[in-house]
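The next block holds one structure in the form of structure tokens; read it before the comments.
Every read-out reported here was derived from the displayed coordinates using simple, explicitly stated rules and does not represent laboratory data. Because the structure is predicted, anything quoted here is derived from the model rather than measured. Cβ coordinates were reconstructed from backbone atoms using ideal geometry, including for glycine residues, and neighbour counts include every protein chain displayed.
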Amino acid sequence: MRTKRALYNFFTDLIPLIIIALIGFLKLKLINENLGFAMSGMNTLFVNIMTYLSIMDGGLASALIFRLYKPISEKNQERINELASAAHRIFNSVGFIMLGIGFVVSFFVFFLFKQEGEVISYTYVQVSFLIYLASTVIPYFVLVEKSLFEADQKKYKINIVLQTFTIIRSLLEIVILMLGYGLIAMYISMTVLNLLSSLIIAYMTKKEYPLVNFKNEKKDYGMLKDVKHLMVHKVGTMVAYNIDAVIISNVIGVASVPFYTAYQYITDNLMTMIGKITYSITAGVGDLIASSQERAYGIFREINAMCFYIATVVCVPLLLVINPFINIWQPDIQTTEVLAILFVAQLLYYIIRMPLSTFANAAGLFKETRICPILESVINLVLSLTLVHQFGIAGVLLATLISYLFSDYFIRPFVIYRNVFDKMPSDYYLLNCFYLIVMILLTFVMSHLMPYLNFSGYISWFISSCIIFGINAIAASLIYVVTKQASFMNRALNLLKRRSDS
């Protein structure tokens, strides 16, 4: 049953995500074409501002889910009520605080971006942001209900509701755009649908968990202790990942943000999909970390090789086909090789940092690694503000990439190797150099196929991309097998077989 639920959770996450991503390509195109680059840039800015406001939950949802695992498995209703009632009060407070701070921020959003040509009015910006704020905060009031389903390994039940509503919302937004309405109409529809989905989840919780008392007299606020170091990681990561669009809109101009967003939308969706796939694999071997130091070390090397293999299979063809796709998808967007390289490099780093994050979290190294997100934020902010004036969007992306390397890639491996493996990470960096050389060589070889392929339309682009992807995947697999770096393949197959037998 546990394996079946895990598969349900995985597929109800991944399949709708692919559908939503495909719909999103059309929606983003319509926003740019029907509303203009300025409105599109403003929409992206709102998303980034709300990401910063979401810092206030401090990772409490994760802390709550972690604390609910045991009492739910033991059917300890008293303990569940203590946690749920405390969390309910906390998240309600967080929701109202976000609304209050967001209301204050709404008076200043207009001044956060530089406008050129047609100017968006102050009132329109504020009203749009307030409606978007309401739509974003509504789900916070049912976070405890969602956490109960997730801790009980029944996330697939609420996934069906949430993903269905997300698909409906995306399709409705496309209709709104095609009918000539603007962002305010989109945000109103988003608010109404988020409210409806939240009410349905609240109803489902009462039916599924009728004994849960959200107003229990005794409350356990122990989860607040768990976010002590998680908060530092969340704040640092949020700042590092979301500062780019804010700087671009403020320094270069809000109309330049869609050029950034076109690339970001593609790489972000790939990050999310790859994250779900790799998480399902790493979660399967996570219980082996504590068995022995040497075994943990071997597992880390396998996962690291696996992530570099995935990065090679995905990033090499993506680097070659991303610009042709954007040229077809949004002809008004000016693509450059430099932007393609920098965005794909960020995706590459996201993939290869997964084993570092997995092992740091599994070993509880939140305190030891908290310097990483802090440095990442500071370096990213300082370099972005410096390089944006000289190199524009490329300067901001380069600053982000440099911040990743110096704050994370050159620190986290030393922390993990010292605390988990009691070794120096010299072999880690040497192996990674080998994997990177393989990627560079394959990119060079695959690039010679480009003149023989056709990228003039969606169908020809898809066929040509599949050819490059397939040849690259076969070549990468052969190299990893011949050099004996493919043990993760056997591990993954064994895990899948073990789960299917259980």
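Assorted remarks:
- Cα extents of region 2-221 along the three principal axes, largest first (Å): 62, 36, 23
- Correct option for Cα extents along the principal axes in Å [calculated from the coordinates] among (i) 67, 63, 41; (ii) 94, 57, 55; (iii) 76, 63, 56: (i)
- What the Cβ-Cβ distance of Lys225 and Leu436 gives, at R0 = 56 Å and to the nearest 0.05, is a FRET efficiency of 0.90.
- Charge sum, other residues only, whose C-beta stays under 14 Å from Ile274's C-beta, Lys/Arg counted +1 and Asp/Glu -1: 0
- The chain, helix-only ellipticity at 222 nm - DSSP H runs n ≥ 4, -39,500 (n - 2.57), divided by all residues, nearest 500: -26000 deg cm²/dmol
- Measuring against 19 Å, Cα to Cα, the residue pairs Lys27/Lys276; Lys207/Lys276; Lys155/Lys276 contain Lys27/Lys276; Lys207/Lys276 as the ones spanning a longer distance.
- Computed over region 16-74, the P(r) curve from all C-alpha pair distances, binned at 10 Å from the origin, holds 18, 25, 28, 19, 9, 1 percent per bin.
- Proximal charge balance of Tyr260 [Cβ under 12 Å; K/R count +1, D/E count -1]: -2
- Burial ordering of Asp408, Asp152, fewest other beta-carbon atoms within 10 Å first: Asp152, Asp408
- Whether region 11-126 is rounded, prolate or oblate, judged on the alpha carbon gyration tensor where a/c under 1.5 counts as rounded: oblate
- Long pairs among Lys157/Lys367; Lys70/Lys423; Lys423/Lys484; Lys157/Lys218, criterion Cα-Cα beyond 26 Å: Lys157/Lys367; Lys70/Lys423; Lys157/Lys218
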